Amino acid sequence: QVQLVESGGGLVEAGGSLRLSCAASGSIFSIDAMDWYRQAPGKQRELVATINSGVSTNYADSVKGRFTISRDNAKNTVILQMNRLRSEDTGVYYCYAYVKLIGAPLSWYWGQGTQVTVSS
């Protein structure tokens, strides 16, 4: 089964930057879409950014111009570069990937999440 492991979270001051990564491992045949979600305390999980199997990307309005999603297909990794962070960006960030495992059809998988805390 696939594992999605996020890294790069931490504590940062408002206006700073963080680079999150999510690396997929397992018996992977291919990865289609890869997304980033986040969940702030007391709030529902929300979609932050998406990238398809090519280069097409989409962003939540709240992060447009500040965040950039990209992927390294050779490493089965999706990146979220976060700049000019605000306190409202605080939350647990999760990757969510549409993965085809060897011998299995495409299916969606969640990572465990990484904490991002932006101090005001």
Residue that is nearest to L18 (Cα to Cα), among those in the range 62-120 that are in contact with a Phe, Trp or Tyr (Cβ under 6 Å, 6 or more places away or on another chain) and small (G, A, S) = G113
query = Quick check, is L11 over 15 Å from C95 (Cβ atoms), at pLDDT 95 or above, open to solvent by 50 Å² or more (accessible area, probe 1.4 Å) and not in a loop (DSSP other than H, G, I, E, B)?
reply = yes
query = Does the range 21-28 contain any residue that is in a helix (DSSP H, G or I) and either at pLDDT 95 or above or aliphatic (A, V, I, L, M) (or both)?
reply = no
request  = Would you please name the residue that is least open to solvent (accessible area, probe 1.4 Å), looking only at residues in the range 77-100 that are under 23 Å from G54 (Cβ atoms) and over 14 Å from the mean Cα position of the chain (by Cα)?
outcome  = V99
Pairs, first touching a residue at least 60 places away in the same chain (Cβ under 8 Å) and under 30 Å from K100 (Cβ atoms) in the range 12-31, second in a loop (DSSP other than H, G, I, E, B) and among the hydrophobic types (A, V, I, L, M, F, W, C), C-beta under 6 Å, six or more apart = A24/V2; G26/V2; S27/I102; F29/I102
query = Which residue out of G16, G42, G54 is open to solvent by 60 Å² or more (accessible area, probe 1.4 Å) and either assigned to a loop (DSSP other than H, G, I, E, B) or among the basic types (K, R) (or both)?
reply = G42
query = Quick one: D72 ticks every box in (1) exposed (fewer than 15 other Cβ atoms within 10 Å of the Cβ); (2) modelled with pLDDT of 95 or more bar one, so which box is it?
reply = (2)
message = Consider the range 62-99. How many of its residues are without any contact (Cβ under 8 Å) to a residue 60 or more places away in the chain, touching a helix residue (DSSP H, G or I) at 6+ places or on another chain (Cβ under 9 Å) and of a type outside the set (S, T, N, Q)?
response = 3
note = Scanning the range 65-103 residue by residue, those among the charged types (D, E, K, R) and part of a strand (DSSP E or B) turn out to be R71, D72, K100
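The values are calculated or read from the model by the stated rules, or taken from the named source; none is laboratory data. Every value quoted in this text rests on a predicted model; they were computed, and no experiment measured them. Don't worry about glycine lacking a Cβ; one is built from the backbone with ideal geometry, like all the others, and counts go over all protein chains shown. Areas reflect the complete protein model, heavy atoms only, side chains present, ligands, DNA and RNA absent. Shrake-Rupley method; radii C 1.70, N 1.55, O 1.52, S 1.80 Å.
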